[in-house]
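Here is the structure we will look at.
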Amino acid sequence: MIPDELIDRVRSILNSHHHQAGALLPVLHDVQAEFNYVPSEAVSEIANTLKLSRAEVHGVLTYYHHFRQTPPGKHVVRVCRAEACQAQGGDALVAHAERRLAQSSLTLEPVYCLGLCAIGPSIQIDEINLHAQVTPGKFDALIADLEGTP
Amino acid sequence: MSYSVYIPCDAAALALGADRVAEAVAAEAKARDVAVQIIRNGSRGMFWVEPMVEVLVANHRVAYGPVQPADVPSLFEADFLVGGPHALCLGRPEDIPYLAKQSRVSLRRVGVVDPRSFEDYLSNGGGKGLARARLMTPEQIIGEVIYSGLRGRGGAAFPTGVKWRTVFETEAERKYIICNADEGDSGSFSDRMLMEGDPFCLLEGMAIAGLAVGAKSGYVYVRSEYPHSIAALQSAVAVAGEWLGGFDVEIRKAAGAYVCGEETALLESIEGKRGIVRAKPPLPAISGLFGKPTVINNVITLASIPDILAYGADSYHEFGVGRSRGTLPFQLAGNIRYGGLVEVPFGLTLRELLYDFGGGARSGRPLRAVQVGGPLGAYLAEGQFDTVLGYEEFAGIGAALGHGGIVAFDDTVDMARQARYSMAFCAHESCGKCTPCRIGSTRGVEVIDRIMAGQVEKIPLLRQLCETMTHGSLCAMGGMTSYPVLSALDSFPEDFGSLVDSGNGLV
């Protein structure tokens, strides 16, 4: 993407939050929704418009686990690491997922609770798709679908 | 005529395939040339039978579950649209013992209504609380809430009406109502179920709080891990905005920081900053969001308000035990056979929840440890299962009810590993403002690693570290991490390689 186009899209997002108090998190969410990550070029533009220092924007961007500064893989797979999933075999699923996705075009991330605590272990794909009672076999089938290979 | 079929849109039902079931029902109905109306309700909270499909027969519902897409043709063959018999038939949902034994108050409409239909909300008792509150003075509303005995359901259990009174009495040109929907505790999902299954109820509770304290706007701060809750709330705000009578609600998406469930970190986050804990005082009720007096209440707290106003404080106060009045939606999670949402009055024992409702461990093995109240809650052993579920009763055994999340572990659990996880989670999620939490949690992981490697003489050091974190941390993150760590050590010393724990004295 040419830098001018990126800046234009960031400016348009900033405009849509013009009247919002404490707009930084909503802006970062929209930027990440647009680009799948928050490009470094966006940081100065956000800082200027919201009258913050670049350090302040950078501080917020890096504080929250949800935001990422580099593009993720084709899909983002989040595996729950929290206690309720641990009680249902979550640690074994995490170990399996790490092995399975070691050489993959997908991004593996931890997540601490999806609110599916009675039907674990649970995973979340691209924020919106949820899967419960995920065994290693079920995990492999889901991943194969995502990777587009049998 | 068209048949009404209810298929939940709750995230847990979706994770178990509810969308595919809805597609299969629609396709099968089309193939058979039968007119069906598919209504996406919330979940009743019995996850072992989700996706649970309900049909409307005359004036009652008949439930089937757990339904998978492959079951759909046989359901049609069995005339399930008129309640026909089938292996998956569960009868009337409200007659299922798990539900029949509950007292659903805060979540009375969840699983019953269409969360996107405002008409459905109103025709199922919604709106009465706000209508009555509009005829009352702020003092009367606050008096009603105080008398109901409602305490904060997020975990701190502070009397809600007292908090409201402080905000009411603080003069300011602007005040705010904030709903804390940052339900980060593992084992908790009642907030999520309410937001996805009955979002108007939360908005009504916020509008009543606004009338009580003189606030014209509010925020719902929802975790980013709950996209379905966010969508349900946004849809509810779009539909019911005007009905709220000039009370504006903005849905704020959080960004994955557990500590933002702490109320002052949450305020910083809404203001667009890093979610760093503020020192108290000042209380948020006096100087909160943007320095203005602010009510911060949990989802279930606010969702309990419409009923209290509609039916009077007595109706709520008559439930419960001691100073724990009303009901608490407990959440049975982890390794448990019948996991789900159990809203009951305070006063049952933990054992009744775990066995009478939960049916013991799903693995069929004995339950060994139960963590109550999230990652900052104590691990309880078999000998403590007869504790009565009440705030004071749990404080009496060095534990906390918290948000009512209950995570069960069978006898394969390694409690030293769980204690290590608690410290590691604190290190991962610490906001970094205070030293005991920021540094103590990292040192805590190291000390537990040494103990697990056989250096049992480090146990007193771990205890001292926990004591420093408890008394020196600014908020519950560092202050309560000692609950799971020390309870694991006290109740399960054999897992730490030491059958004889030396207590606080040096070995």
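The values are calculated or read from the model by the stated rules, or taken from the named source; none is laboratory data. Please read these numbers as outputs of a predicted model, since none were measured by experiment. Reconstructed Cβ throughout: ideal geometry from the backbone, glycine too, with neighbour counts over all protein chains shown. Each accessible area value is taken on the protein alone, full model and side chains, heavy atoms only, with ligands, DNA and RNA left out. Shrake-Rupley method; radii C 1.70, N 1.55, O 1.52, S 1.80 Å.
For segment B:7-23, the count of residues that are closer than 19 Å to B:R109 by Cβ and among the β-branched types (V, I, T) is nonzero. Within segment A:39-77, the set of residues being within 12 Å of chain B (Cβ to nearest Cβ) and within 12 Å of the chain's Cα centre (by Cα) comprises A:Y64, A:H65, A:H66, A:F67, A:R68.
In segment B:335-392, the residue that is surrounded by the fewest Cβ atoms within 10 Å (Cβ to Cβ) out of those that are more than 25 Å from B:S106 (Cα to Cα) and touching a Ser or Thr at 6+ places or on another chain (Cβ under 6 Å) is B:D386.
The residue of segment B:159-202 that is surrounded by the most Cβ atoms within 10 Å (Cβ to Cβ), among those that are among the basic types (K, R) and assigned to a helix (DSSP H, G or I), is B:R192.
Take the residues in segment B:258-273 that are hydrophobic (A, V, I, L, M, F, W, C) and within 9 Å of chain A (Cβ to nearest Cβ); name whichever of them is farthest from B:S422 (Cα to Cα).
Within segment B:258-273, the first condition is being hydrophobic (A, V, I, L, M, F, W, C), and the residues that meet it are B:259-260, B:265-267, B:270.
In the following step, the residues that additionally are within 9 Å of chain A (Cβ to nearest Cβ) were identified as B:260, B:270.
Details: B:C260: 17, B:I270: 27 Å.
Per the criteria, the residue is B:I270.
Consider A:L130 carefully, then state whether it is facing chain B (nearest Cβ under 9 Å), among the aliphatic types (A, V, I, L, M) and within 18 Å of the chain's Cα centre (by Cα).
Working: facing chain B (nearest Cβ under 9 Å): yes; among the aliphatic types (A, V, I, L, M): yes; within 18 Å of the chain's Cα centre (by Cα): yes.
Answer is yes for this residue.
Of all positions in segment A:18-25, none carries a residue that is polar (S, T, N, Q), in the same structural domain as A:N129 (by TED's automatic domain parsing) and either touching a residue at least 60 places away in the same chain (Cβ under 8 Å) or not in a helix (DSSP H, G or I) (or both).
Of the helices (runs of 4 or more DSSP H) that lie entirely inside segment A:31-136, those containing 1 or more residues that are open to solvent by 60 Å² or more (accessible area, probe 1.4 Å) span A:40-50, A:54-63, A:90-100.
Residues being assigned to a helix (DSSP H, G or I) and either surrounded by 20 or more Cβ atoms within 10 Å (Cβ to Cβ) or away from every other protein chain (no Cβ under 11 Å) (or both): count how many of those fall in segment B:40-54.
Step one: filter segment B:40-54 for residues assigned to a helix (DSSP H, G or I), giving B:47-49.
The next check asks that each one be either surrounded by 20 or more Cβ atoms within 10 Å (Cβ to Cβ) or away from every other protein chain (no Cβ under 11 Å) (or both); those that pass are B:47, B:49.
Selection size over segment B:40-54: 2.
Looking at B:P97, B:P73, B:P115, B:P85, can you tell me which residue is under 23 Å from the mean Cα position of the chain (by Cα) and open to solvent by 50 Å² or more (accessible area, probe 1.4 Å)? Don't jump to the end; show me each part of the working.
Details: B:P73 fails: under 23 Å from the mean Cα position of the chain (by Cα); B:P115 fails: open to solvent by 50 Å² or more (accessible area, probe 1.4 Å); B:P85 fails: under 23 Å from the mean Cα position of the chain (by Cα).
Answer to the selection: B:P97.
Counting the residues of segment B:128-156 that are among the small types (G, A, S) and open to solvent by less than 10 Å² (accessible area, probe 1.4 Å) gives 3. Kindly indicate whether any position in segment B:243-254 is more than 14 Å from every other protein chain (Cβ to nearest Cβ), within 17 Å of B:P284 (Cβ to Cβ) and of a type in the set (A, V, I, L, M, F, W, C). Scanning segment B:243-254, I find no residue that is more than 14 Å from every other protein chain (Cβ to nearest Cβ), within 17 Å of B:P284 (Cβ to Cβ) and of a type in the set (A, V, I, L, M, F, W, C), so the answer is no. The numbered conditions (1) in contact with a helix residue (DSSP H, G or I) (Cβ under 9 Å, 6 or more places away or on another chain); (2) open to solvent by 10 Å² or more (accessible area, probe 1.4 Å); (3) not basic (K, R) are all true for B:A408 except (2). Here the condition is being under 30 Å from B:A265 (Cα atoms), crowded, with 19+ Cβ neighbours inside 10 Å and over 18 Å from the mean Cα position of the chain (by Cα); of B:V295, B:V299, it holds for B:V295 alone.
Going through segment A:48-106 one residue at a time, which ones are closer than 30 Å to A:R11 by Cβ and aliphatic (A, V, I, L, M)? A:L50, A:L52, A:A55, A:V57, A:V60, A:L61, A:V76, listed by residue number. A count restricted to segment B:219-242 and to residues that are within 25 Å of B:S430 (Cβ to Cβ), surrounded by fewer than 22 Cβ atoms within 10 Å (Cβ to Cβ) and more than 10 Å from every other protein chain (Cβ to nearest Cβ) stands at 0. Apart from one condition, A:C85 fits all of (1) facing chain B (nearest Cβ under 9 Å); (2) touching a strand residue (DSSP E or B) at 6+ places or on another chain (Cβ under 6 Å); (3) touching a residue at least 12 places away in the same chain (Cβ under 8 Å); the exception is (2). Quick check on B:I276: is it part of a loop (DSSP other than H, G, I, E, B), over 19 Å from the mean Cα position of the chain (by Cα), among the aliphatic types (A, V, I, L, M) and within 29 Å of B:G187 (Cβ to Cβ)? Taking the combined requirement at face value, the residue satisfies it. Of all residues in segment B:3-39, those that are open to solvent by less than 60 Å² (accessible area, probe 1.4 Å) and assigned to a loop (DSSP other than H, G, I, E, B) total 8.
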